[in-house]
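A short write-up of the structure that comes next.
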Amino acid sequence: MATRENSLKWSVIAAVNNQEVLQNCLLRSPEVAQATDLIWQQGYASAAAAYNAAIAKAKTDLLIFVHQDVYLPEGWIAAVKNAIEIVSRTDPDWGVLGVWGTQPSGGRAGFVYDGAWSRILGNQFEGGMEVDSLDEVVLILRKSTGLCFDPHIPGFHMYGADICLEARRHHKKCYAIAAFCIHNTNQYAMLPWQFWKGYLAMRRKWKARLPVNTTCTEITYWCWPMVRWNVVRAINLITGRDPSPVKRVHDPRQLYREMIASGRVSSVAFLD
């Protein structure tokens with residue numbers, strides 16, 4: 001099928017530290033092989049370093065940064081292209097797109113299955129919904145904008161919120177789009193210290209713009225969300241209130257088929 005998605009030139013970029021997860025999730029996505037570039041970045045100390053090196057390597061303007069544990073169903077790239085076309089009609093200079101984000105009102109927007117909580121977040125919609133920040137699970141930008149990731153944000157967290165703030169600093173808006181995918185992730189019992197190091201780095205960098213809402217926490221001057229989250233989780237773990245953390249499924253394709261069969265997701269939603 002010589003369709004619109006096949007005429008689109010795009011690069012898929014992932015920071016990889018687990019080949020088995022990559023093979024079982026992202027590489028099982030039926031359309032990934034159609035990408036012009038597949039760039040797997042290994043051995044980097046941070047997402048920013050991995051992704052900036054990938055930007056330099058990429059041969060296409062459209063860059064799709066995606067976690068290794070994501071499954072992109074058939075029709076996903078058509079949904080992306082359709083959303084880009086709609087967003088570009090009113091905002092041709094858009095900055096960053098993603099599948100899950102935080103709106104200026106504090107609400108959430110997008111359409112994604114979150115494996116950590118075993119549920120679908122958001123719903124189907126046309127075009128894009130403006131957001132202040134985007135989750136790192138999928139980030140889409142154009143090389144021609146000159147946007148890049150801040151190497152001073154350590155590790156593999158918070159860089160999604162940061163690049164959205166950078167886009168806004170360059171007078172570019174960011175949008176959540178309804179390109180449904182499955183984030184086949186493990187659930188954390190406690191968020192790792194690396195996550196909170198990213199939190200503190202963001203607090204330092206964007207001190208003049210606090211508070212900053214991200215999809216999983218709020219960054220504030222006094223760091224109360226960070227303190228409260230860790231205290232509550234620690235109490236729940238000690239008292240046994242929390243069940244064992246959810247683990248990723250071996251084959252997200254089966255999970256997707258079950259969602260289609262149950263009517264929770266419609267495959268036609270990804271097509272024109």
Log entry, pairs with first residue in the range 175-187 being closer than 12 Å to Val80 by Cα, second being assigned to a loop (DSSP other than H, G, I, E, B) and among the hydroxyl-bearing types (Ser, Thr, Tyr), beta carbons closer than 9 Å, six or more apart or on different chains, reads Cys181/Ser29
Per the filter on the range 49-73, residues touching a helix residue (DSSP H, G or I) at 6+ places or on another chain (Cβ under 7 Å) and closer than 28 Å to Lys247 by Cβ are Phe65, Val66, Gln68, Asp69, Val70, Tyr71, Leu72, Pro73
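Here is a yes/no grid of residues against (1) buried (at least 18 other Cβ atoms within 10 Å of the Cβ); (2) assigned to a strand (DSSP E or B):
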position	(1), (2)
Leu97	yes, yes
Gly106	no, no
Ala109	yes, yes
Trp117	no, no
Ile120	no, yes
Glu130	no, yes
Leu139	yes, yes
Leu147	yes, no
Practice problem: Check the range 58-66 and report whether any residue there is out of contact with any strand residue (DSSP E or B) (no Cβ under 9 Å at 6 or more places or on another chain), modelled with pLDDT of 95 or more and hydrophobic (A, V, I, L, M, F, W, C). | Solution: no
With criteria (1) touching a residue at least 60 places away in the same chain (Cβ under 8 Å); (2) touching a Ser or Thr at 6+ places or on another chain (Cβ under 8 Å); (3) part of a helix (DSSP H, G or I), Val246 comes up short on (3)
Note on the range 59-96: residues aliphatic (A, V, I, L, M) and closer than 16 Å to Phe125 by Cα are Ile77, Ala78, Ala79, Val80, Ala83, Ile84, Ile86, Val87
Of those in the range 202-216 that are hydrophobic (A, V, I, L, M, F, W, C) and assigned to a loop (DSSP other than H, G, I, E, B), the residue modelled with the lowest pLDDT is Cys216
Within the range 53-102, of all residues that are among the polar types (S, T, N, Q) and touching a Lys or Arg at 6+ places or on another chain (Cβ under 7 Å), the one farthest from Leu147 (Cα to Cα) is Thr102
Flagged in the range 158-186 as out of contact with any His (no Cβ under 9 Å at 6 or more places or on another chain), assigned to a loop (DSSP other than H, G, I, E, B) and surrounded by fewer than 24 Cβ atoms within 10 Å (Cβ to Cβ), in numbering order, are His170, His171, Lys172, Lys173, Ala178, Asn186
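Restricting to the range 132-154, count the residues that are β-branched (Val, Ile, Thr) and touching a Ser or Thr at 6+ places or on another chain (Cβ under 6 Å). It would help to see each step written out before you state the result.
Just the residues of the range 132-154 that are β-branched (Val, Ile, Thr), to begin with: 137-138, 140, 145, 153.
Restricting the remaining residues to those that are touching a Ser or Thr at 6+ places or on another chain (Cβ under 6 Å) gives none.
Matching residues across the range 132-154 total 0.
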When Ala116 is run through (1) closer than 21 Å to Asn24 by Cα; (2) free of Cβ contacts under 8 Å to residues at least 12 places away in the same chain; (3) not aromatic (Phe, Trp, Tyr), the failure sits at (2)
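If you take just the strands (runs of 3 or more DSSP E) that sit entirely in the range 1-88, which of them hold at least 3 residues that are more than 16 Å from the chain's Cα centre (by Cα) and in contact (Cβ under 8 Å) with a residue 12 or more places away in the chain? Break it down stepwise before answering.
On the way: elements: 10-15, 37-41, 62-66.
So the answer is 37-41.
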In this structure, does Gln19 turn out to be surrounded by fewer than 21 Cβ atoms within 10 Å (Cβ to Cβ), touching a helix residue (DSSP H, G or I) at 6+ places or on another chain (Cβ under 8 Å) and not small (Gly, Ala, Ser)? no
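The values are calculated or read from the model by the stated rules, or taken from the named source; none is laboratory data. Every value quoted in this text rests on a predicted model; they were computed, and no experiment measured them. Every residue, glycine among them, receives a Cβ derived from its backbone with ideal geometry; neighbour counts consider all protein chains shown.
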